[in-house]
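Have a look at the structure below before the remarks.
The values are calculated or read from the model by the stated rules, or taken from the named source; none is laboratory data. In this text, all values refer to a predicted model and were calculated from it rather than measured experimentally. Neighbour counts are summed over all protein chains in view; Cβ atoms, including those assigned to glycine, are modelled from backbone coordinates with ideal geometry.
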Amino acid sequence: MVRFLVLALLSLAGVTQTSASPTQASEPPNPTEEQPPLGTGSLSFPWSHLRLPGYIVPLHYHLLLHPNLTMLSYSGTVRIELQVQNNTNWVVLHSKGLRITTATMLDQNLAHLSDRVLPVLHNPTHEQTAIFSPRVLSGGQKYFLFLEFGAELGEGFYGFYRSTYRTSTGETRNLASTHFEPTSARMAFPCFDEPSFKANYSISIRRSRAHTALSNMPVEQTVVLDDGLMEDRFAVSVRMSSYLVAFIVCDFRSVSATTASGVKVSVYAAPEKWQQTHYALKAAVKLLEFYEKYFNIKYPLPKQDLVAIPDFQAGAMENWGLITFRETSLLYDPATSSASDRVWVTMVIAHELAHQWFGNLVTMEWWNDIWLNEGFARYMEYISVNATYPKLRVEDYLVDTCFAAIGRDSLNSSRPISSAAESPTQIAEMFDTVSYDKGACVLHMLRHYLTDQVFQSGIVRYLRRYSYSNAHNQDLWDSLANTCSEEEFTSGEHCYSSRQAAKNAYLYAGEHLDLTTMMNTWMLQTGVPLVTVTRQGSRLLLKQERFLRTAHPSDPAWPSLQQGFLWHIPLTYRTDTSTSIHRHLMTTLTDSVDVGEEVGWVKVNVDMAGYYLVHYDGSGWDNLIQLLKDNHTALSFMDRTHLIHNAFQLTTAGRLSLDKALDLIGYLRSESHTVPLLEGLGYLEAFYRMVERRDIPDVTQNLRTYILWYFRDVIDRQTWSDKGSVSERRLRSELLSLACHLGDLPCLKQAQRSFTHWLDSNSTLNLPADVAETVYSVGAQEDTGWASLLQTYTHSLSETHKRKILSALASSRDTNKLTRLLELGVEGEVIRTQDLDSLIVMVARNPRGHHLAWSYVQKYWSTLVDKFQLGSFSIRNIIIGTTAQFSSTEELTEVRVFFESIHEQASQLRVTEVAMDNVQKNILWLQRNLGTLRSWLDQQID
Ligand code: BES
Ligand code: ZN
């Protein structure tokens, strides 16, 4: 007993240290040989860290699950083969919300270590369970931990949860599916739920005859049990992280095809949505074949399933061999899907398939580097879809990814790509635009710097070296520079020693390739640099600083905000005197390059391949404005887009006067490329939305008149059809939607006409998909139109169609109708809970719905957190989406007061800071630019 007391005291001392150490603790609690009493009363939880101890490693899970789709619960057993590294009495692993009914420990020969069931302790705050073995588990030995457990099928979107769908005959059917990433495998079965505990999984599932069971691997054997149930035994998996495990029991239909290399690809959906699976199947086969070639590594499993789950919170999830999707991310309905829908489905499939290598085969060591998964998957979307579906022209839109990243990164509340994350909330919040979009843009910059070929062979090396294990950033830089360990070097691998690698100056002749130092400036620092260029004779003077939209050099806080920031920027520029691209690696705060006396204009950051903004001092902007006016095709469309973006960003920061940016887009009437056109128009629309919401009637009216006048020709050129290239179709969608929103009479008339046809057809007519949302939005302004749309929404079998209708319903000017929608959203019947976050954001975008949405969020805050979990994408979407339109100090105070009222939750979140920064940015924008906008418009209208 005395020994136990000591143990308990030791543990207690540990418990007070609740903030977990960022490194993996590896000391086991002191072992004891004493027999414990039967109960757990005298035992206290032996582990105080958030991360599991490293002295027991899972090798192989044998998992058996038996879900009951009528009772909405399941039972299960798991036998985990463990490798014990240090002597201990305890196994500590994760479990959350599970009833663990039996625990036993077996030795390598499957003999029980004890004739009694073992004590099981829980620490719910850390989502951990500890099992006490009275016999010491010896270091160097293997054991089997056997657990019996049960739980309800979840009601949310995590763990092993229930989803439902309705057939056209009105029958409601259940299915059970999983979503684990990042920390919810522990909700489905007890496990070592951290990415570096890779193990093999042998999964078995019991089901009725009417159902199909799916898991990561194909079924190896199906056994009929005594009670008539079927037991599917799946083949043993490859070594993988727990967050990638998945299983589904459903009655879906599928289509299948086989890739050139023999992988069976299947797409599953609810039976009546089967017709919408064909596009995904073709795309998945093509993309999988592309990746096998590009990575030069075969996809290691015999099959790949893609399943559309009716209730799904994320967009999609890359479970190895069993990718799950939201229906709108996988299903393509030729009758109701628009050009953008097709691009979206293709990109999501490309993203999840890229993860089969980046993430599944090679996984980040810990969640702080989730960008190694998500940044790569996002970037590979562009590379793979560009190669397989060139007509979609997705590379044109890479800039949007970079602009999104800059939007977040130019606020003080941003974070470094690699950031500490320990708790489940912090980990969930890592799946943000910094990991995804900044990650992708920085990779894009690196690829340009190294060349496509060096980049590709570097990442292939990385994937090969770390297959079935975990990696850090450093491993990536070493692989890209082709450096290697002494062992590899001496064993004759083809690679460079680190000394040699440093001498590999690829394109930047004469400059040393110190990739690690360079990349650390992008990985470990927050923010995006602004390079200011000044012409001085034949030289171009360069100066770098951190770009912040909410701070100005005249602010007292400026020096401290800039303190210590320095990037290694792979600079590129073009001038009017040659067609070649000039390069210079800028590693100091100020620098200069020689461009030649005779040069007229200089455009820095060619095609925006670099993650930095550029400011042109002196007459720099004027020269570029003139160039665009005289001969805009002297610059690539990417460069034109980039200039527009930079100019407007600088006006937000108070660094460039708004008239200059507006003059810069004065050439847009002759712009024939969709991307720069939409970029320029996008800013005007954003200003319009801001002044409309703030109720500044003169500016609102003039801006509307100006936009409709200036863009008259291009609006009139649009047809109300689905014809043309993908770029043309995307432009049409955007333009007509804006024109009708601005109250353009010809637009409204045409939309009204189409809507009447649709009503007359008893809602059966298929409108052109690219303009359907605009037509519905106009029709939704009338009571009968709104009611018919809601009716169609309730019964439609196409989720993309429903999304368009929901957006139209939420554009109503009648606040009673908006309230009704939000109520339907909480109920979760007609409008599924999975769509509630986008519904709230849609209502918030409506000037009549904005305050309604914000009050709703405050009122239902705890319900929303229960449904979606703190830190989730949905919660962040709701917070940003309902505050992003605020632009007054009163509103900022309101937001702050609300966040203070939920302090306990808000303090765990970064997104609350981001939201307040956003409002602050809007306030500053109006202070800095409203006057200029007003007088500029007055001049134009004159
Ligand atoms: N790995 C993620 C899924 C995920 C997201 C897990 C957030 C945990 C938290 C998946 O690969 C992903 O990135 N999904 C995106 C859609 C994709 C097309 C970018 C998503 O769900 O938003
Ligand atoms: Zn992803």
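Here is how the numbers come out for the structure above:
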item: Answer residue from region 155-177, given it is crowded, with 21+ Cβ neighbours inside 10 Å and of a type outside the set (Ser, Thr, Tyr) and is nearest to the chain's Cα centre (by Cα) among those; result: 157
item: Matching residues, region 568-583, being surrounded by 17 or more Cβ atoms within 10 Å (Cβ to Cβ) and in contact with a Phe, Trp or Tyr (Cβ under 7 Å, 6 or more places away or on another chain); result: 569, 570, 575, 582, 583
item: Some residue of region 117-139 being assigned to a helix (DSSP H, G or I) and buried (at least 17 other Cβ atoms within 10 Å of the Cβ); result: yes
item: Answer residue from region 342-354, given it is of a type outside the set (A, V, I, L, M) and crowded, with 24+ Cβ neighbours inside 10 Å and is farthest from the chain's Cα centre (by Cα) among those; result: 346
item: Matching residues, region 537-551, being over 15 Å from residue 613 (Cβ atoms) and in contact with a Gly (Cβ under 9 Å, 6 or more places away or on another chain); result: 538
item: Residues within region 380-409 that are under 11 Å from residue 438 (Cβ atoms) and among the hydroxyl-bearing types (Ser, Thr, Tyr), tallied; result: 1
item: Enumeration of residues in region 677-705 that are over 20 Å from residue 883 (Cα atoms), surrounded by fewer than 18 Cβ atoms within 10 Å (Cβ to Cβ) and touching a residue at least 40 places away in the same chain (Cβ under 8 Å); result: 698, 705
item: Index of the failed condition, residue 322 passing every other in (1) hydrophobic (A, V, I, L, M, F, W, C); (2) surrounded by fewer than 24 Cβ atoms within 10 Å (Cβ to Cβ); (3) closer than 29 Å to residue 184 by Cα; result: (2)
item: Test for residue 241: is it within 16 Å of ligand 1 (Cβ to nearest atom) and not aromatic (Phe, Trp, Tyr); result: yes
item: Members of region 300-321 that are within 8 Å of ligand 1 (Cβ to nearest atom) and part of a strand (DSSP E or B); result: 316, 317
item: Strands (runs of 3 or more DSSP E) lying entirely in region 171-290 (those with 2 or more residues that are more than 19 Å from residue 355 (Cα to Cα) and out of contact with any helix residue (DSSP H, G or I) (no Cβ under 6 Å at 6 or more places or on another chain)); result: 172-179, 200-207, 212-215, 219-224, 230-234, 247-250, 253-258
item: Filter result for residue 420 (out of contact with any strand residue (DSSP E or B) (no Cβ under 7 Å at 6 or more places or on another chain), away from ligand 2 (no atom under 16 Å from the Cβ), at pLDDT 95 or above and of a type outside the set (Ser, Thr, Tyr)); result: yes
item: Given (1) buried (at least 18 other Cβ atoms within 10 Å of the Cβ); (2) modelled with pLDDT under 95; (3) in a helix (DSSP H, G or I), number of the condition residue 904 does not satisfy; result: (1)
item: Some residue of region 282-296 being of a type in the set (S, T, N, Q) and within 16 Å of ligand 2 (Cβ to nearest atom); result: no
item: Matching entry among 247, 189, 180, 252 (being farther than 27 Å from residue 79 by Cβ and crowded, with 21+ Cβ neighbours inside 10 Å); result: 252
item: Near pairs, Cβ below 9 angstrom, 6+ apart or cross-chain, from region 862-885 (under 19 Å from residue 897 (Cα atoms) and among the small types (Gly, Ala, Ser)) to any residue that is within 16 Å of ligand 2 (Cβ to nearest atom) and modelled with pLDDT of 95 or more; result: none
item: Positions within region 569-590 being at pLDDT below 95 and aromatic (Phe, Trp, Tyr), in sequence order; result: none
item: Inter-residue pairs, beta-carbon under 6 Å, first within 18 Å of residue 238 (Cβ to Cβ) and in region 303-329, second away from ligand 2 (no atom under 15 Å from the Cβ) and of a type in the set (Asp, Glu), 6+ apart; result: 322/305
item: Unique match (being under 30 Å from residue 386 (Cα atoms), outside any loop (DSSP other than H, G, I, E, B) and of a type in the set (D, E, K, R)) among 729, 689, 704, 753; result: 729
item: Selection count, region 732-749, where residues are free of Cβ contacts under 8 Å to residues at least 40 places away in the same chain and either of a type in the set (Val, Ile, Thr) or not in a helix (DSSP H, G or I) (or both); result: 2
item: Residues of region 371-424 classified as out of contact with any helix residue (DSSP H, G or I) (no Cβ under 6 Å at 6 or more places or on another chain), under 24 Å from residue 471 (Cβ atoms) and within 15 Å of ligand 1 (Cβ to nearest atom), total; result: 6
item: The lone exception for residue 516 - which of (1) outside any strand (DSSP E or B); (2) modelled with pLDDT of 95 or more; (3) in contact with a helix residue (DSSP H, G or I) (Cβ under 9 Å, 6 or more places away or on another chain); (4) polar (S, T, N, Q) it fails; result: (2)
item: Residue among 235, 314, 257 that alone is touching a strand residue (DSSP E or B) at 6+ places or on another chain (Cβ under 6 Å), aliphatic (A, V, I, L, M) and either closer than 25 Å to residue 180 by Cα or within 16 Å of ligand 2 (Cβ to nearest atom) (or both); result: 235
item: Failed item, numbered, when residue 552 is tested on (1) surrounded by fewer than 17 Cβ atoms within 10 Å (Cβ to Cβ); (2) touching a residue at least 60 places away in the same chain (Cβ under 8 Å); (3) closer than 18 Å to residue 604 by Cβ; result: (3)
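So that you can scan it fast, the table gives a plain yes or no per residue for (1) in contact (Cβ under 8 Å) with a residue 40 or more places away in the chain; (2) within 14 Å of ligand 2 (Cβ to nearest atom); (3) on the phi < 0 side of the Ramachandran plot:
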{"site": "351", "(1), (2), (3)": "no, yes, yes"}
{"site": "366", "(1), (2), (3)": "yes, no, yes"}
{"site": "375", "(1), (2), (3)": "yes, yes, yes"}
{"site": "379", "(1), (2), (3)": "yes, yes, yes"}
{"site": "390", "(1), (2), (3)": "no, no, yes"}
{"site": "398", "(1), (2), (3)": "yes, no, yes"}
{"site": "407", "(1), (2), (3)": "no, no, yes"}
{"site": "410", "(1), (2), (3)": "yes, no, yes"}
